[in-house]
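Okay, structure first, notes after.
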Amino acid sequence: MHGHPQEAFDVQLRYRYRLDPAPRHIAALARAFGCARVVFNDALRARQQACAAGLPYPSDAKLSRCLTLAKRTPERAWLTQVS
């Protein structure tokens, strides 16, 4: 027997979920995930550019302000379609 009898054991549980959205929800989910991907990539690009320029990473608050401003441009106005 190894160790002490009162050793704590870490138990990891794993759950697996599958989504099966109704056809009317598929377009809304695709739009939401598409927007999330674009916003993530924009934030990642901003942080990479700051790093390359030797500047500190933009804060979450600054990135949020940039997102708000981006939604007001014709190129990113479609982001207002999701919350």
Cα point-scatterer Debye curve for the chain, base-10 log of I(q)/I(0) at q = 0.11 Å⁻¹ | -0.56
q = 0.17, 0.33 Å⁻¹: log10 I(q)/I(0) that the Debye formula gives for segment 35-81, counting C-alpha atoms only = -0.49, -1.21
Ordered by fewest other Cβ atoms within 10 Å, a rough proxy for footprinting exposure, D42, D60, D10 read D10, D60, D42
The chain: chymotrypsin sites (Phe, Trp or Tyr not before Pro) falling in loop per DSSP and having at most 14 other Cβ within 10 Å | F9, Y15, Y17
Would you mind ranking L63, L19 so that the residue whose beta carbon has the fewest other beta carbons within 10 Å leads the list?
-> L19, L63
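Bear in mind that the values in this text are calculations on the coordinates, not laboratory data. All values derive from a computational prediction rather than experimental measurement. Glycine gets a Cβ as well: all are built from the backbone with ideal geometry, and neighbour counts include every protein chain shown.
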